[in-house]
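K.L.:
Please find one structure pasted underneath; my questions will follow.
The values are calculated or read from the model by the stated rules, or taken from the named source; none is laboratory data. Note that the structure is a prediction, hence the values are computed from the model and not measured. All Cβ positions, glycine included, derive from the backbone under ideal geometry; neighbour counts span all protein chains shown. All accessible areas refer to the heavy atoms of the entire protein, side chains included, with ligands and DNA or RNA removed. Shrake-Rupley method; radii C 1.70, N 1.55, O 1.52, S 1.80 Å.
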Amino acid sequence: MIHVVKLENRGLYARQLEEMHQLRKAFFIEERGWSDRTTRDGGEFDDLDDDRAVYLFGLETDGSIGLSARIRPTGDKSMLADHFPELLSEPASEVKAPGVWELSRYFAAPRHRGREGLRRNMELRTAVVASALQRGARRVVAVTDVYLMNTVIRTGWEHRFLGLPMSYAHGDAIAFDVRPSARSVESLMERHGLSAPLLLEIGPTEAENAEPHELEVLAKAAAVLGQGDLRILGKLMGRLGELSATMSDAEADALLQKVRSALLS
Amino acid sequence: MTPAQAAALEFLQAGPAASDLSAFQDRFEAAIRHHGFSRYSYVKLAEHGQPIVPRLAFGRGVEQWAAYYIEQGFGAHDPAMAGIFSNTRPFAWSEVQCQAETPEARRVFAEAQSTGAREGLLVPIHGAAGELASVLMISEEPGFDPKAKTTLHAMAMLYATLGLPLAEIEDDEPRPGKLTKRETECVHWIARGKSDWDASVILGISESTVNMHIERIKRRLGVRNRPQMIYELFRRGWLPREDAY
């Protein structure tokens with residue numbers, strides 16, 4: 001599942017937002033050599049990290065960031081239209097328009113790269129389309145390195161390259177756009193073997209007693225269990241919690257293992 | 001915009017609409033000829049991060065040279081081959097020829113030039129799952145405008161990524177009125193809940209080829225999604241049996 005982090009629920013993701021900026025510094029500045037970027041508090045920031053930015057996080061089971069991307073409406077500012085207009089064969093005003101969003105700062109932690117990371121990357125790329133669609137986007141624009149064009153194509157987005165590529169300080173770049181549609185989301189989910197629900201958008205007051213990654217587990221269970229089953233599961237978990245409160249971690253793990261074995265046998 | 005730039009933009013934006021490999025290669029050739037390139041190929045070099053015996057997958061005008069190159073084992077001496085494994089950006093023969101320090105390496109360039117080739121541009125194609133391939137564009141003219149390298153890079157990326165499924169899909173065995181051999185194989189795995197990527201690994205074809213097969217079946221059956229496709233295949237009695245292949 002991909003967590004949708006917007007202005008209203010950022011308070012629930014303070015730890016992940018700090019880690020995201022740190023990982024962006026590690027990925028874009030230290031690995032890819034974008035030395036001209038702004039850093040503060042050990043992280044990388046730009047002027048699109050404002051109230052209108054929506055972050056998409058794929059979290060690990062411990063709540064840390066596995067993958068991340070940012071989408072943002074382009075009406076007031078846009079990396080592509082403001083900084084790379086030469087990548088466009090259309091007027092930049094077409095990109096800075098209502099209903100156009102921009103994808104940027106996409107990265108995956110090293111453990112999610114290569115073959116092992118394909119499924120989660122495709123989950124995040126599908127979430128880009130699904131979350132933009134939810135926000136009324138008719139078009140999502142982005143800039144990528146030319147050597148990554150094959151990953152854009154193989155994702156299966158309804159995409160189009162927007163102009164000729166150009167060299168920039170750190171490589172060769174090309175612009176593309178993606179057309180979000182319900183049909184496209186359905187097709188991407190089928191193609192990459194993804195299961196619903198794809199997005200988790202937690203309200204600012206919905207996570208008082210749980211961390212976002214813990215709620216993700218609940219959301220996944222809710223997707224496959226009925227209301228009655230969920231109620232029973234909740235009671236069982238409550239009892240297990242009471243029992244494990246008096247146990248060491250090892251004893252709690254052994255108990256959970258015993259329950260799991262009993263259920264699966 | 002120059003005619004060469006207009007042709008490149010036309011290929012990048014309209015090239016994907018080509019219905020078969022021949023039409024797609026026509027469009028690619030029309031664009032790269034503006035830069036003096038008239039022969040081209042896509043060669044697979046590694047799978048799952050491991051080098052393989054180079055394999056020409058598709059191209060035009062390079063079949064004989066590719067077969068000779070592989071037969072002679074030129075890859076072991078060719079500095080361009082090492083460059084493909086270590087670069088993400090394209091490079092020209094003329095940029096790596098100075099690294100040909102052994103007689104065997106110099107022979108690779110001499111023999112290439114004896115076929116009429118004056119310059120080659122190599123574009124490494126790195127896949128996310130450790131696949132490596134290269135697109136080679138050959139010119140019978142002495143040089144090309146280095147400012148065009150970025151545009152040629154983008155065109156080669158598109159040629160590689162869309163050309164592979166078009167080439168693989170032509171390497172199929174039609175069965176009129178039913179599913180083809182490859183379609184049968186793809187349906188077998190998709191019906192068992194595999195993703196396109198999973199099926200592609202099992203079948204040894206590209207993920208895009210699996211998707212192209214499935215999309216063609218959906219169109220033929222007039223259905224919207226994969227569950228409907230499976231049901232319709234079942235209804236028509238076309239669903240592959242366990243021992244179908």
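K.L.:
Quick check on A:ALA169: is it surrounded by fewer than 20 Cβ atoms within 10 Å (Cβ to Cβ), farther than 23 Å from A:ASP82 by Cβ and of a type in the set (A, V, I, L, M)? Reasoning before the result, please.
P.N.:
Numbers: surrounded by fewer than 20 Cβ atoms within 10 Å (Cβ to Cβ): yes; farther than 23 Å from A:ASP82 by Cβ: no; of a type in the set (A, V, I, L, M): yes.
Criteria not met by A:ALA169.
K.L.:
Of the residues that make up region A:113-121, is at least one open to solvent by 40 Å² or more (accessible area, probe 1.4 Å), touching a Leu at 6+ places or on another chain (Cβ under 7 Å) and in contact (Cβ under 8 Å) with a residue 40 or more places away in the chain?
P.N.:
Looking for residues that are open to solvent by 40 Å² or more (accessible area, probe 1.4 Å), touching a Leu at 6+ places or on another chain (Cβ under 7 Å) and in contact (Cβ under 8 Å) with a residue 40 or more places away in the chain, one finds at least one in region A:113-121, hence yes.
K.L.:
Inside region A:1-37, can you point out the residues that are touching a residue at least 24 places away in the same chain (Cβ under 8 Å), more than 24 Å from A:THR61 (Cα to Cα) and not in a helix (DSSP H, G or I)?
P.N.:
Within region A:1-37, the subset touching a residue at least 24 places away in the same chain (Cβ under 8 Å) is A:1-9, A:11-13, A:15-21, A:23-24, A:27-28, A:32-34, A:36.
Now narrow it down to the ones that are more than 24 Å from A:THR61 (Cα to Cα): A:28, A:32-34, A:36.
Passing the criteria: A:ARG32, A:GLY33, A:TRP34, A:ASP36.
K.L.:
Same structure again: Only residues in region B:73-85 that are in a helix (DSSP H, G or I) count as the first member; pair them with residues that are open to solvent by 30 Å² or more (accessible area, probe 1.4 Å) and modelled with pLDDT under 90, Cβ under 7 angstrom, at least 6 apart or cross-chain, and list the lot.
P.N.:
Matching pairs, first to second residue: B:GLY75/B:PRO54; B:PRO79/B:GLN99.
K.L.:
Quickly run through region B:101-144 and pick out the residues that are within 14 Å of chain A (Cβ to nearest Cβ) and of a type in the set (Ser, Thr, Tyr).
P.N.:
Initially, region B:101-144 is screened for residues within 14 Å of chain A (Cβ to nearest Cβ), giving B:121-135.
Across region B:101-144, the qualifying residue is only B:SER134.
K.L.:
Can you name the residue in region A:46-81 that is touching a helix residue (DSSP H, G or I) at 6+ places or on another chain (Cβ under 8 Å) and in a helix (DSSP H, G or I) and is also surrounded by the fewest Cβ atoms within 10 Å (Cβ to Cβ) among such residues?
P.N.:
A:ALA81
K.L.:
While we're on this one: Quick one: is B:LEU9 out of contact with any strand residue (DSSP E or B) (no Cβ under 6 Å at 6 or more places or on another chain) and in the same structural domain as B:ALA67 (by TED's automatic domain parsing)? Walk me through how you get there before you give the answer.
P.N.:
Numbers: out of contact with any strand residue (DSSP E or B) (no Cβ under 6 Å at 6 or more places or on another chain): yes; in the same structural domain as B:ALA67 (by TED's automatic domain parsing): yes.
So B:LEU9 passes the test.
K.L.:
Right, here's the next one. Does A:PRO180 qualify as being touching a residue at least 40 places away in the same chain (Cβ under 8 Å), open to solvent by less than 30 Å² (accessible area, probe 1.4 Å), within 30 Å of A:PHE27 (Cβ to Cβ) and of a type outside the set (A, V, I, L, M)?
P.N.:
Details: touching a residue at least 40 places away in the same chain (Cβ under 8 Å): yes; open to solvent by less than 30 Å² (accessible area, probe 1.4 Å): yes; within 30 Å of A:PHE27 (Cβ to Cβ): yes; of a type outside the set (A, V, I, L, M): yes.
Answer is yes for this residue.
K.L.:
Ok, one more. Among helices (runs of 4 or more DSSP H) lying entirely in region A:156-265, which contain 2 or more residues that are at pLDDT 95 or above? It would help to see each step written out before you state the result.
P.N.:
On the way: elements: A:182-191, A:212-224, A:227-245, A:249-264.
Those helices (runs of 4 or more DSSP H) span A:182-191.
K.L.:
In addition: Step by step: first the residues of region A:2-20, then only those that are buried (at least 19 other Cβ atoms within 10 Å of the Cβ) and touching an Asp or Glu at 6+ places or on another chain (Cβ under 9 Å), then the one that is farthest from A:SER104 (Cα to Cα). Which residue is that?
P.N.:
Among those that are buried (at least 19 other Cβ atoms within 10 Å of the Cβ) and touching an Asp or Glu at 6+ places or on another chain (Cβ under 9 Å), it is A:LEU12.
K.L.:
Take the conditions hydrophobic (A, V, I, L, M, F, W, C) and closer than 20 Å to A:TRP157 by Cα and apply them to B:MET137. Does it pass?
P.N.:
Working: hydrophobic (A, V, I, L, M, F, W, C): yes; closer than 20 Å to A:TRP157 by Cα: no.
So B:MET137 fails the test.
K.L.:
Within region A:238-248, identify whether any single residue is open to solvent by 100 Å² or more (accessible area, probe 1.4 Å), under 25 Å from A:MET1 (Cβ atoms) and not small (Gly, Ala, Ser), and answer yes or no.
P.N.:
No, because not a single residue in region A:238-248 is open to solvent by 100 Å² or more (accessible area, probe 1.4 Å), under 25 Å from A:MET1 (Cβ atoms) and not small (Gly, Ala, Ser).
K.L.:
Where residues in region B:113-145 are in contact with a Gly (Cβ under 7 Å, 6 or more places away or on another chain) and among the small types (Gly, Ala, Ser), which of them is modelled with the highest pLDDT?
P.N.:
Applying the filter and picking the extreme gives B:SER139.
K.L.:
Related question: Could you check B:PHE234 against (1) out of contact with any helix residue (DSSP H, G or I) (no Cβ under 9 Å at 6 or more places or on another chain); (2) buried (at least 20 other Cβ atoms within 10 Å of the Cβ); (3) hydrophobic (A, V, I, L, M, F, W, C) and say which number it fails?
P.N.:
Every listed condition holds for B:PHE234 apart from (2).
K.L.:
Run down B:GLY120, B:GLY73, B:GLY127 and say which single residue is under 19 Å from B:VAL53 (Cβ atoms), under 19 Å from the mean Cα position of the chain (by Cα) and not polar (S, T, N, Q). It would help to see each step written out before you state the result.
P.N.:
Values: B:GLY120 fails: under 19 Å from B:VAL53 (Cβ atoms); B:GLY73 fails: under 19 Å from the mean Cα position of the chain (by Cα).
Answer to the selection: B:GLY127.
K.L.:
For region B:110-218, which fully contained helices (runs of 4 or more DSSP H) count at least 3 residues that are in contact (Cβ under 8 Å) with a residue 40 or more places away in the chain and open to solvent by 20 Å² or more (accessible area, probe 1.4 Å)?
P.N.:
Here the list reads B:149-170.
K.L.:
Return the only residue of A:LEU148, A:LEU188 being open to solvent by less than 30 Å² (accessible area, probe 1.4 Å) and either assigned by TED's automatic domain parsing to the domain that holds A:VAL129 or in contact (Cβ under 8 Å) with a residue 60 or more places away in the chain (or both). Before you say what the answer is, go through the steps one by one.
P.N.:
Working: A:LEU148 fails: open to solvent by less than 30 Å² (accessible area, probe 1.4 Å).
From the options A:LEU148, A:LEU188, the qualifying one is A:LEU188.
K.L.:
Select from region A:137-155 the residues that are within 14 Å of another protein chain (Cβ to nearest Cβ) and either of a type outside the set (S, T, N, Q) or in a helix (DSSP H, G or I) (or both) and list them in ascending order.
P.N.:
Keep residues of region A:137-155 that are within 14 Å of another protein chain (Cβ to nearest Cβ), which gives A:143-155.
Hits for region A:137-155 are A:VAL143, A:ASP145, A:VAL146, A:TYR147, A:LEU148, A:MET149, A:ASN150, A:THR151, A:VAL152, A:ILE153, A:ARG154, A:THR155.
K.L.:
Something else now. Which one is farthest from the other protein chains (Cβ to nearest Cβ), of the residues in region B:21-59 that are charged (D, E, K, R) and open to solvent by less than 60 Å² (accessible area, probe 1.4 Å)?
P.N.:
Within region B:21-59, the subset charged (D, E, K, R) is B:26-27, B:29, B:33, B:39, B:44, B:47, B:55.
After this cut, where a residue has to be open to solvent by less than 60 Å² (accessible area, probe 1.4 Å) as well, the list is B:29, B:39, B:44.
Working: B:GLU29: 18, B:ARG39: 22, B:LYS44: 13 Å.
So the residue we want is B:ARG39.
K.L.:
Separate question: Across region A:97-121, what is the total count of residues that are in a loop (DSSP other than H, G, I, E, B), small (Gly, Ala, Ser) and within 14 Å of chain B (Cβ to nearest Cβ)?
P.N.:
Step one: of region A:97-121, the residues in a loop (DSSP other than H, G, I, E, B) are A:97-99, A:109, A:113-114.
Among the residues that remain, those that are also small (Gly, Ala, Ser) are: A:97, A:99, A:109, A:114.
Subset that is within 14 Å of chain B (Cβ to nearest Cβ): A:114.
Summing the residues that are in a loop (DSSP other than H, G, I, E, B), small (Gly, Ala, Ser) and within 14 Å of chain B (Cβ to nearest Cβ) in region A:97-121 gives 1.
K.L.:
Let me ask you something else. Look at B:TYR42 and say whether it is in a helix (DSSP H, G or I), in contact with a helix residue (DSSP H, G or I) (Cβ under 9 Å, 6 or more places away or on another chain) and more than 22 Å from B:GLY143 (Cβ to Cβ). Even if it seems obvious, please write down each step before you answer.
P.N.:
Values: in a helix (DSSP H, G or I): no; in contact with a helix residue (DSSP H, G or I) (Cβ under 9 Å, 6 or more places away or on another chain): yes; more than 22 Å from B:GLY143 (Cβ to Cβ): yes.
Considered against the rule, which asks whether it is in a helix (DSSP H, G or I), in contact with a helix residue (DSSP H, G or I) (Cβ under 9 Å, 6 or more places away or on another chain) and more than 22 Å from B:GLY143 (Cβ to Cβ), B:TYR42 comes out as no.
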